[in-house]
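The next block holds one structure in the form of structure tokens; read it before the comments.
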Amino acid sequence: MDLQTLQRQIHKDDLLPIYFIYGEEQFLAERVVRSILEKAVEPATRDFNLNIYYGADCRGTEIADTVKTLPMFAKRRVVLVKQAEKLPATAQEHLLTCLTNPNPETCLIFMAVKPDLRRKLFSELKKSSGSIEFKKLYENRLAPFINTEVSTHGKKIETAAVDLLIFLVGNNLQELVSQIEKTCLYIGDKKIITLADLRTIASQSKTFGGFELARYVGEKNLSDATITLQSMLQNNEEAPMIIGALASHFRRIWRIRELLDQGKNAAQIAAELKISNYFIKDLMLQAKKHSTKELKVLFERLFNADLSAKTGSSAATILHNLVYETCAN
């Protein structure tokens, strides 16, 4: 089953007796389960007709008995089994009977992150018509996701703003949705989210602080890098997180530096490293400010700074020295 089919079933209230919703993208999985619950169980009868179990804490007989119980004052009962991959083996065996003879007045939902599909219960569930897997979104699917999410608020978003959001957040859908919601509230009646709007909202997040610091250090802009670092420290940002943000950024800069040395142009580098065209020129300018030899020294500094921060040395002193030495050279 695909997501569109499931959404049509939910919209029409034409739900199947059994669903198997699994995969690593739990944000989408949780969202679609909430949609099922909202459609399948009326709020007034939810206490009577919604049963939630957790795999590690229940027996198969308990779930099976609930599945067979008739709904009260409603047309349907919903039984939700979260963390189904943690069901004991005996419980999994017992629940196979629910698959062979499902109760038409019950909607039984199994949720799992990484189920062992070699197990009989999960292999049978995977073959059922109510099986849907939610995989982590690849980067090429994030822009459509963002545009769709923005459209649900009755707004549009500039391509550059989409690129920045992906660059800052990646495929953490929960954080993407959070940033979109905050930005839509911020712009009020405006219909289009601009890059400036997103930067204003994102500047309040920890992720953006690390992004800005890395950019200033990459540009060897000591003044702005120092100001940004001081602001992050005042906001109680932890040294390992700051060092990690710098390491992540400069791994990309080092790779760009290597490709530049090979004679690659902006389009080729962007394609090979899957970097948005919006960022590639800025990153290339930073890469040109750092030789391969300098980058090697920088990573030695990052390693030593991380080690010192974890052994109780002053984080502020370590980070200020790191920024100064990198920008001054």
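Each value in this text was obtained by applying a stated rule to the coordinates, not by laboratory testing. Everything numeric in this text was worked out from a predicted model, so none of it was measured. For neighbour counting, all protein chains shown are included, and Cβ atoms are generated from backbone atoms with ideal geometry for every residue, glycine included.
How long, wide and thick is the stretch 278-322, going by the Cα atoms along their three principal axes, in whole angstroms, largest first?
Dimensions of the stretch 278-322 along the principal axes of its Cα atoms: 39, 23, 14 Å.
Within the set of other residues whose C-beta is less than 13 Å from the C-beta of Q7, count the net charge using Lys and Arg as +1 and Asp and Glu as -1.
+1
Cross-link candidates for K68: which aspartates and glutamates have Cα within less than 15 Å, leaving aside residues fewer than 8 places away along the same chain?
E105
Please report, largest first and rounded to whole Å, the three semi-axes of the ellipsoid equivalent to the stretch 206-328, where each semi-axis is the square root of five times an eigenvalue of the C-alpha gyration tensor.
Ellipsoid semi-axes (Å, largest first): 26, 15, 12.
Can you give the convex hull volume per residue for the Cα atoms of the stretch 139-202, as a whole number of Å³?
Hull volume over Cα atoms, normalised by residue count, gives 65 Å³.
Using only Cα atoms, tell me the angle between helix 277-288 and the longest principal axis of the chain; keep it within 0 to 90° and round to the nearest 10.
40
What does the charge count around C107 come to, taking other residues whose C-beta lies under 10 Å from its C-beta (Lys +1, Arg +1, Asp -1, Glu -1)?
Every neighbour counted, the sum reads +2.
Calculate, for S313 and D65, the FRET efficiency according to 1/(1 + (r/R0)^6) with r their C-beta to C-beta distance and R0 41 Å; round to the nearest 0.05.
0.10
Where does the charge balance sit around A196 when Lys and Arg score +1, Asp and Glu -1, over other residues with C-beta under 13 Å from its C-beta?
Once all neighbours under 13 Å are counted, the net charge is 0.
Tell me, what is the percent relative contact order of the stretch 152-291, built from C-alpha pairs under 8 Å that lie six or more residues apart?
About 22 percent, as a whole number.
Calculate for the chain the 222 nm mean residue ellipticity that helices alone would give, adding -39,500 (n - 2.57) per DSSP H run of length 4 or more and normalising by residue count, nearest 500 deg cm²/dmol.
-19000 deg cm²/dmol
Using the alpha-carbon atoms, what tilt in degrees (0 to 90, nearest 10) does helix 315-328 show relative to the longest principal axis of the chain?
The angle comes out at about 50 degrees.
Fully extended, how many nm does the chain gain between A271 and S151 (0.36 nm per residue separation, minus their Cα-Cα distance)?
Gain on extension, A271 to S151, equals 40.4 nm.
Using the per-residue mean of other Cβ atoms lying within 10 Å as a proxy for protection, in what order, highest first, do the peptides 173-181, 268-276 fall?
Packing order, densest peptide first, comes out as 173-181, 268-276.
Averaging over every viewing direction, what projected area does the convex hull of the Cα atoms of the chain cover, in nm²?
Spelled out: convex hull of the Cα atoms, projected over all directions, averaged, 21.4 nm².
Taking a 21 Å limit on the Cα-Cα distance, which of the listed pairs K82/K136; K190/K274; K86/K126; K82/K127; K220/K281 fall beyond it?
K190/K274
How much length, in nm to one decimal, is gained on full extension between E42 and F299, taken as 0.36 nm per residue of separation minus their Cα-Cα distance?
Extra length from E42 to F299 when fully extended: 86.8 nm.
For Cα pairs less than 8 Å apart in space and 6+ apart in sequence, what is the mean separation divided by the residue count of the chain, i.e. the relative contact order in percent?
Computed value for the chain: 14 percent relative contact order.
To test your reading of the geometry: what angle, between 0 and 90 degrees and rounded to tens, separates the Cα axis of helix 239-261 from the longest principal axis of the chain?
70
Using the basic label-point model (7 angstrom from Cα toward the beta carbon), what is the E175 to E105 distance in nanometres?
The modelled label-to-label distance comes out at 4.8 nm.
Mind ranking 87-97, 2-12 by how tightly packed they are, going by the mean number of other C-beta atoms within 10 angstrom, highest first?
Going from most to least packed, we get 87-97, 2-12.
Put a dot 7 Å past each Cα toward the Cβ at T292 and L222; how far apart are the dots in nm?
2.8
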